[in-house]
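**Q** Structure provided below as structure tokens; questions to follow.
The values are calculated or read from the model by the stated rules, or taken from the named source; none is laboratory data. Everything quoted here is computed from the prediction, not taken from an experiment. All Cβ positions, glycine included, derive from the backbone under ideal geometry; neighbour counts span all protein chains shown. When the accessible area is computed, the model is the full protein with side chains, heavy atoms only, and any ligands, DNA or RNA have been set aside. Shrake-Rupley method; radii C 1.70, N 1.55, O 1.52, S 1.80 Å.
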Amino acid sequence: MKSKSINSILLLIFVVTMLAFPIGSYSISVGTKSAATTSEILTPAPKLQPRINGPLVYGCRPGHYFLYRIPCQGERPITFAAKGLPKELNLDPATGIITGMAPVKGEYPVVLQAINSKGKYKRNFKIISGDQLALTPPMGYNHWYAHYDRVTDKMMREAADVMIKSGMADVGYQYVNIDDCWMNAPKNNDPKRVGPLRDEKGNINTNTYFPDMKGLTDYIHNKGLKAGIYTSPGTLTCGGFTGAYQHEEQDARQFAAWGFDFLKYDWCSYGQIIGKDKSLDAYQKPYRQMGKILKSLDRDIVFNLCQYGMGDVWKWGEEIGAQCWRTSGDLGFELDKIFDVAINNSKHGDYSKPGSWNDPDYIQIGYIGDAGKMGLPHLTPMPPVMQFAYMSLWCLMASPLVYSGDMSKLDEFTINVLCNPEVIDIDQDPLGKGGKVTLLPNNCFIMVKDLADGSKAVGLFNRGKDPVEVTADWNTLQLSGKQKIRDLWRQKELGIFQEKFSSLIPAQGVVLVKIRK
Ligand code: GLA
């Protein structure tokens, strides 16, 4: 009798542990089904009642075109309302899309509301009209790691469709960004991407896969989403396509006229222009120039620097007018690299603040192409638990959350990793702090991010090959007394803890918690 009850207790402990820490094998399915078994899905399914997500603060510049789609989960139709919306802005109650002109300089506290047949939800949303954009890290999609030099207008429209249909836009993904290879190249394997680089007036030509840029941005904007574009200050982009050299202002004006809201400016061949000059001035020059040009335009364009961290860009990116900057070379795709990249990126966490974000490159999960060979998209071999670690790291570092995989093959598991609103709230926290790392024995570490409400987000990570119990103690976290702990991936209260919190972390995995009084 006694041993029977001990056995059932042991069985219960085993089942609970397996449910809480699914470390078993995972199956990779073919096609668009799923990258993982359903037991590995951590994010609870969204409820039918409305839940408004997205940033609590939003920056815009007075008199400029304003566009914001209220990210909201729940069964549609949903009716939206917004109390305190400046008179220059207009909300479509059926779509939740706010459009208009950004109001005069000032802070505008708004209460967003969503109602459907199942319930009602309210969320504060402060519009700050002034100088700053991207008061929280930009969220969106970039085509690079899926489509490389195969990108087309059709793929970008599809990405916008999927951003809405998959629910990504309902948790805050917003930018649909074209990377390299939309222009003509002097030479390329695909003759349809070769042609005159510019017209007789010097205006940049798109290649035949992008017949109508204004049509494309209109398509994206009509869904309440925003559009991004890419170029280089050099004569050629990294992919060998036309760069902006000596046409910087003309091209920037063209991007604004086409309706783009985001510019990635990639160093590439600019090194040939500076030659042997390796001074800070030389590194800054093209970015300072474009920063000034973008500021002079009557359109809000988020400025994303891509120069791989040269000259400690995190120290001066904001000053030259950028909102985010890559802190290192291309992430490419190698298992385990994400931990090193994150630990290095977090060293610049003190420079992270509203309107100023360190960018450790994109989220590559789901179907991605081999970065080295620019291959066709295939399912990531990254273990599911590690994908939760990847997303947790990026959120703790307040990184831009830019998904770069094949949107046409988004599966349930990948959406589950990308779309947990409680995890995304950590990334979008209005304080804008970058997470700090404490290394622990056994190849483990914790990353801690201070949040605006006085609480902390803590990720417990295990880089090793076996599960390890990892402890975050109050001394390291600078906490004292009783603390409430919530598991953010599972959206579940874990209880009240004193002195420390320990958890068994799967190999290459994470437990991400919020700790509050
Ligand atoms: C560089 C950038 C990448 C991508 C490619 C495009 O490698 O770092 O993010 O934009 O160029 O050619």
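**Q** Listed highest first by mean packing, meaning other Cβ atoms within 10 Å per residue, what order do 197-203, 254-260, 488-494 come in?
**A** Result, highest mean Cβ count within 10 Å first: 254-260, 488-494, 197-203.
**Q** In Å, what is the Rg of the alpha-carbon atoms in region 204-268, and how long is Dmax?
**A** 12.0, 35
**Q** Give me the distance between the Cα centres of region 107-145 and region 353-381, rounded to whole Å.
**A** Between the Cα centre of region 107-145 and that of region 353-381, the gap is 25 Å.
**Q** Measuring with a 1.4 Å probe in the full set of protein chains, what accessible area per residue, in whole Å², belongs to the chain?
**A** Numbers: 21370 Å² over 517 residues.
Accessible area per residue: 41 Å².
**Q** What lysines does residue 500 reach when the alpha-carbon gap must be under 17 Å and sequence neighbours fewer than 8 apart in one chain are set aside?
**A** Candidates past the 8-residue exclusion: 449, 456, 482, 484, 514, 517.
**Q** Nearest 0.05, what FRET efficiency do residue 278 and residue 502 give at R0 = 51 Å with Cβ-Cβ as r? Please list the in-between numbers first.
**A** Details: r = 48 Å, r/R0 = 0.94.
Working from the Cβ atoms, E equals 0.60.
**Q** Above 38 angstrom, tally the Cα pairs of the chain and express them as a % of all pairs, no decimals.
**A** In whole percent, the long-distance tail amounts to 26.
**Q** Separate question: Quick one: check the C-alpha center-to-center distance for region 223-276 versus region 397-455, whole angstrom.
**A** First find each Cα centre; the distance between them is then 29 Å.
**Q** One quarter of the convex hull surface, Cα atoms only: what value does that give for region 210-323 in nm²?
**A** That works out to 7.2 nm².
**Q** Tally up the carbon and sulfur contribution to the accessible surface of the chain as a whole percent, 1.4 Å probe, everything protein left in place.
**A** The computed percentage sits at 55.
**Q** Which aspartates and glutamates, if any, have their Cα less than 12 Å from the Cα of residue 315, not counting same-chain residues under 8 positions apart?
**A** Leaving aside aspartates and glutamates fewer than 8 places away in the same chain, those within reach of residue 315 are 350.
**Q** Still on this structure, please answer the following. Does region 352-508 come out rounded, prolate or oblate by the C-alpha gyration tensor, with a ≥ b ≥ c the root eigenvalues, rounded set by a/c under 1.5 and, if not, prolate when a/b is larger than b/c and oblate if not?
**A** On the way: a/c = 1.98, a/b = 1.54, b/c = 1.29.
In terms of gyration-tensor shape, prolate.
**Q** From zero up to wherever the largest Cα-Cα distance of region 436-516 sits, split into 5 Å bins and tell me the percent of pairs in each.
**A** Result returned by the calculation: 3, 16, 28, 28, 17, 6, 1, 0.
**Q** Measure up 105/201; 192/373; 292/433 against 28 Å on the Cα-Cα distance and list the ones that go over.
**A** Pairs exceeding 28 Å: 105/201.
**Q** Let me ask something else. Under the 0.36 nm per residue contour assumption, what length would be gained going from the current alpha-carbon distance of residue 94 and residue 376 to full extension?
**A** This chain segment gains 97.7 nm when fully extended.
**Q** If I measure Cβ to Cβ between cysteines in the chain, which ones have no partner under 4.7 Å?
**A** 60, 72, 181, 306, 324, 395, 419, 444
**Q** So what is the 222 nm mean residue ellipticity for the chain from helices alone, if each DSSP H run of at least 4 adds -39500 (n - 2.57) and you divide by all residues, rounding to the nearest 500 deg cm²/dmol? Please list the in-between numbers first.
**A** Details: 12 runs with 120 residues, N = 517.
For the chain, the value works out to -7000 deg cm²/dmol.
**Q** For the peptides 145-152, 447-454, what is the packing order when you average, over each peptide's residues, the other Cβ atoms within 10 Å and list the highest mean first?
**A** 145-152, 447-454
**Q** Tell me which trypsin sites (Lys or Arg not before Pro) from region 42-134 have a DSSP coil assignment and no more than 10 other beta carbons within 10 Å of their own.
**A** The qualifying sites are 87.
**Q** Taking the alpha-carbon distance from residue 83 and a cut-off under 19 Å, which aspartates and glutamates remain once sequence neighbours fewer than 8 residues away in the same chain are dropped?
**A** 92, 107
**Q** Show me the ranking of peptides 274-280, 98-104 by mean Cβ neighbours inside 10 Å, starting with the highest.
**A** Descending mean neighbour count gives 98-104, 274-280.
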